[in-house]
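Worksheet: the structure to be examined is printed underneath.
Each value in this text was obtained by applying a stated rule to the coordinates, not by laboratory testing. No experiment lies behind these values; they were computed from the predicted model shown. Heads up, the Cβs are rebuilt from the backbone with ideal geometry, glycines too, and the neighbour counts pull from every protein chain shown.
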Amino acid sequence: MRKQVPPGLCTKAGKHLNKGKIYISKTSPPSVVKAYLSQFQKDFFAFLRSRAAEMVAGGRMLLSFMGRSSPDAAAEVGTHQWELLAQALMSMALEGLIQEEKIDSFNAPYYSPSAEEVANIVEEEGSFIINHLQGFEIDWDEGSTSSDNNNDDNVVNGLENLSRGGQVAKTVRAVVETMLESQFGRDMMDELFRRYAQLVDRYFSKTRAKHINLVLSVSRNTINSCY
């Protein structure tokens, strides 16, 4: 889920706490995880409050967004796309193509919540009743086809000659390139996503990468229907 970058990711002295990473990872200190969760709670609470003001009592809302199945925010499912992107960036820093400090100071405006975290905020905000909340496991490259199984859709989308990693990299690039450009420069993007595609291909060779998609159905509470 897209959100603001949380405050508190560097010390008062300006030392970055999540060095070499751009999102929560296994090496992130607890303060980083806490900062991301706190920002998500604040943002999602505000989102629900805003939607509640627009809806009549009994109205329904359906949301679908990326999440995770583990209570651990640093679990591999939900973080691997950012972990591999950080690896690609660090490999470029080691070769002097980008400054490592720029990696340390960049934090993705994103959070993949657990179903429990989502439910807690819905209940705390109080404007909605949860009808249904469920996580669905999907393949990371769902909807794409490897280069040896071309089809007309792949040709139209320019994916016919790309590996699975290349297809994923192209999709991820469409989402995150703008914010990465502002930090690392437009001229670095082709090389970054070339390396990212290679890392994703290696990842696919070792495991069947999954994502968790959370689907939340809520109804506007008839009790708290006025603000």
When the helix-only estimate is applied to the chain (DSSP H runs of n ≥ 4, each -39,500 (n - 2.57), divided by the residue count), what is the mean residue ellipticity at 222 nm, nearest 500 deg cm²/dmol?
-> -14500 deg cm²/dmol
Hey, which of these cross-link pairs are over 26 Å Cα-Cα: LYS12/LYS170; LYS21/LYS42; LYS42/LYS206; LYS42/LYS170; LYS15/LYS210; LYS34/LYS170?
-> LYS12/LYS170; LYS42/LYS206; LYS42/LYS170; LYS15/LYS210; LYS34/LYS170
Assertion target for SER91, SER112, ordered by fewest C-beta neighbours within 10 angstrom first, is SER91, SER112
What's the extension gain from ALA57 to VAL5 if we count 0.36 nm per residue and subtract their Cα-Cα distance?
-> 15.4 nm
Among ASP201, ASP187, ASP43, what is the fewest-to-most ranking by other Cβ atoms within 10 Å?
-> ASP187, ASP201, ASP43
Whether the chain is rounded, prolate or oblate, judged on the alpha carbon gyration tensor where a/c under 1.5 counts as rounded = oblate
Sorted by chain and then number, the residues having a modelled amide H within less than 5 Å of the amide H of GLY20, at least 5 places away or on another chain, are ASP104
Backbone HN-Hα couplings from phi across the stretch 193-204 [Karplus 6.51/-1.76/1.60, Hz, Gly and Pro as x] = 7, 5, 5, 4, 4, 5, 5, 5, 4, 5, 5, 5
Between ILE129 and ASN221, what is the spin-label point distance in nm, taking each point 7 Å from the Cα along the Cα→C-beta axis?
-> 1.2 nm
